[in-house]
Structures are given as C-alpha cells and as structure tokens.
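Report on the structure given below.
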Ligand code: CP3
C-alpha cells in the first residue's frame, strides 16, 4: 500500500519529484467554504467524518497531487484533553490556559476514544483513495502544543510559555512528557487506520530559547519516533521545525525523523551541505509567492529549488501552509513545472 511516489521518495532518490502542499485542504479553495458552512463549530467540523473525507479529497479535485493530508487540526489533542478549545472568527484558537505547577492535567487521560472519528475517516479515505495517493496523518509536536496549552491562544512571542520553562522547568518537562504519550498514541492510531506517512508540525519551534532546543524540540520528537518503532510502526515521519534556523542541523541528525520539512527562510545550498544526508528533505517554496496574480519569477524559483535538490531524496512542497489568498492558478502552475522537470 506504500506504492506511491511520496513513500518511494522518502526511501530513495527517484527520477520523478513528488508534490503536495502544506494546508492544501483548506481555505484557498472557495468550495471549501461550502463544505465548512455545514458545521458551525470547527471542532464539530473536524469530528464529522463525512465532511472530513470531503475536505481531505477536495484538493485532489483541483490538482494533480501525490498526497492527501487528513483534514483535522493539531489542537484536537488539547480538545481531547478537555482544555475548552474554541475557534473564534478573526481571533484564532482559544483554550483554557494551563497554570504552571498544576498537577491534575499531567495525569494520563485517554484521548484516543475522543478521536475515533479521525480514525474512521482515515480508514474510509484509505479505502476510497487510489493507491497512488499517499495519505498523510499528523500531529502537533510537543513544544507547539505546550505553547497553545500554556498561552491559551496564539501569540507573537509565547512569553508565558517561555516564562513557564524558566520558572517551572520540571513541571514543563513533565508536560512535554505527557504530550509525547498523547502524540504517540494519536500517530499510532492514524498509522494503524491506514496513514502512509505521518507529519509532526513544530510551528513555534523558533520560540524555544536556544539552550532548550534539544530538550524541547529534538529529544521529544526522537522519543515519539522510538515509541512508534517499538510498537512496530515503521510509517515514515516528516518533522517540520519551523523557522528553527541552524538548530535544524542537530534536528536532522538526532530527532530520528525520516524527512525534514524546510521552511521558506532556509537557504538550500547551506541546507544540502549541512543537513543529515541520510534523511529526505521536503520544501520549501514561499507560499506568499502563490498570492500575486502575476507572481515574479515563480518558475525560476521552483526550478531553482528542484536543481538544489538533485542529489537528495526530495518531496516538493511549500515552506509553510497555503494561505486563503493563494491562487489556484499559481498552485497549478507549480505542479506543472514539477511534473515536467527531469532530474
Ligand atoms: O490542508 C489542511 O488545511 C489540513 C488540515 C489542517 C488544519 N490545521 C485545518 C484548519 C492542518 C494540517 C492544520 C495544522 C495546524 N493547525 C497547525 C500546524 C501547521 C501550521 O500551519 O503551522 C497549526 C499551528 C494549527 C492551529 C490552528 N488551527 C490555528 C492557528 C487556526 C486558526 C488560524 C488559521 O490558520 O485559520 C486553526 C484553524 C484551522 N485549522 C482552519 C483550518 C482549515 C481554519 C478554521 C475554519 O475554517 O474555520
């Protein structure tokens, strides 16, 4: 069942570069809003199997892609932890902020039962999608989930999260360890349901004070990989340490991921020289280049990324999620360029 281009490209350097887009399932396709309207509350939407399946398949209706990412959200774990997660229009997510030193929250609770609709959606999708399409499951990485849990919302600097790390380090690391358990359970469930690849989003990894990067980003991810492998789950794992700068070098050697997703700030010559040669690379077109009607040098940029990755196991993608303003025509253009590229 892992006979798709993405799983192949994760194992070896192949002639045809596979392509998919971060946040491809959502908001840049106007038709998404017709489906979205059917459920007022975003959490209920993510738990509605029928709508999840429709949204996951939606980009495949428009584009010749190699993957479908299951429609869900990284905040489904905090929701299953009963942190009162809400999505408010023009505000983003809101949660009950965690109080450092609070102990009740760190008792293991069962989150998996709450996520049964996700499991069912993946099982259905894997049956319905052609085997040439890689089905991707995902979770937020421990640090990024801790950011939302402590801050209780998005933030420019996650000051309360960083303060908690400095003031209550033992408690903080216990929170990270608790999240490692939940994230591993969620990924295990998705792999067993039929996901061909798993992705870990560490969206706020650039908020980690540098002396804590190993403890908060690298080691937690390596523990998750080890837990999954110890359960005989060999599904490849892609890690995105978003905007983490030079720390991605250690991440590439020590986190045990099979592939590192590069954000749009990473210079590719530097990356290919410094990143662990054993693992695959995914990335890293700037999604903002897909917004203008007549985007400057789009073809040149795409080809330059492909040229830089000639000697590597490589999956073409954007360096962060597509935004609602990205143009369908530009996405199609990029896919065309990648499909016609010979390496
Ligand atoms: O292709 C896809 O869009 C797949 C599904 C998906 C969503 N969220 C749907 C969503 C995925 C992979 C995510 C991951 C996610 N969620 C991340 C990590 C990736 C990244 O972009 O860095 C993060 C940080 C979140 C948290 C989150 N969820 C925020 C901050 C918001 C509000 C702002 C926003 O981006 O819209 C969400 C809500 C959300 N998740 C929406 C969608 C389509 C919009 C809500 C709506 O339609 O009402």
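Throughout, read-outs are computed from the coordinates displayed, never taken from laboratory work. If you're wondering where the values come from, they're calculated on a predicted model, not measured in any experiment. Positions of Cβ are generated from backbone atoms using ideal geometry, with glycine treated the same way; all protein chains shown enter the neighbour counts.
For segment 236-331, what class follows from the C-alpha gyration tensor (a ≥ b ≥ c being the square roots of its eigenvalues): rounded when a/c is under 1.5, otherwise prolate if a/b is larger than b/c, else oblate? Write out the running numbers ahead of the final one.
Values: a/c = 2.24, a/b = 1.77, b/c = 1.26.
It is prolate, given that a/c is not under 1.5 and a/b is the larger ratio.
Relative contact order of the chain: what whole-number percent is it, with Cα pairs under 8 angstrom and at least 6 residues apart? Before the final figure, lay out the partial values.
Details: 626 pairs, mean separation 73.4, N = 343.
This gives 21 percent for the chain.
Report the gain in length on full extension from residue 112 to residue 229: 0.36 nm times residue separation, minus Cα-Cα distance, nm rounded to one decimal.
Net length gain for the segment: 40.2 nm.
Restricting to Cα pairs below 8 Å that are 6+ residues apart, what does the relative contact order work out to for segment 163-290? Please round to a whole percent. Numbers along the way, then the final one.
Values: 159 pairs, mean separation 28.6, N = 128.
About 22 percent, as a whole number.
Once you sort the root eigenvalues of the Cα gyration tensor of segment 58-199 as a ≥ b ≥ c, which label holds: rounded (a/c under 1.5), prolate (a/b larger than b/c) or oblate (the other case)? Display every interim value, and only then the final one.
Values: a/c = 2.40, a/b = 1.83, b/c = 1.31.
Because a/c hits 1.5 or more and a/b exceeds b/c, segment 58-199 counts as prolate.
Would you mind pulling out the separation of the Cα centroids of segment 144-187 and segment 214-290, in Å?
Rounded to whole Å, the Cα centres lie 20 Å apart.
Below 8 Å, C-alpha to C-alpha, sequence gap of six or more: please give me the relative contact order for segment 125-184 in percent.
RCO, segment 125-184: 37 percent.
Which shape class applies to segment 55-105: rounded if a/c is under 1.5, otherwise prolate when a/b exceeds b/c and oblate if not, where a ≥ b ≥ c are the square roots of the Cα gyration tensor eigenvalues?
prolate
In degrees, nearest 10, range 0 to 90: what is the angle between the Cα axis of helix 328-339 and the longest Cα principal axis of the chain?
That helix lies at roughly 70 degrees to the long axis.
Rank these for me by crowding, 309, 123, going from fewest to most other beta carbons within 10 Å.
123, 309
If you take every DSSP beta bridge whose two residues both sit in the chain, what share of them, in percent to the nearest 5, is antiparallel? Intermediate results must be reported in sequence, preceding the final value.
Working: 4 of 28 bridges.
DSSP beta bridges in the chain are roughly 15 percent antiparallel.
Could you work out how much longer the chain between residue 27 and residue 13 gets when fully extended? Use 0.36 nm per residue separation minus the Cα distance between them, nm to one decimal. Provide the component values of the computation, followed by the final result.
Values: separation 14, 0.36 × 14 = 5.04 nm, distance 3.23 nm.
Taking residue 27 through residue 13 to full extension adds about 1.8 nm, to one decimal.
Rounded to the nearest 500, what is the 222 nm mean residue ellipticity of the chain from helices alone, with -39500 (n - 2.57) per DSSP H run of 4+ residues and division by all residues?
Estimated from H runs of four or more residues: -12500 deg cm²/dmol.
Once both labels are modelled 7 Å past Cα along the beta-carbon direction, what's the residue 265-residue 57 spacing in nm?
3.9 nm
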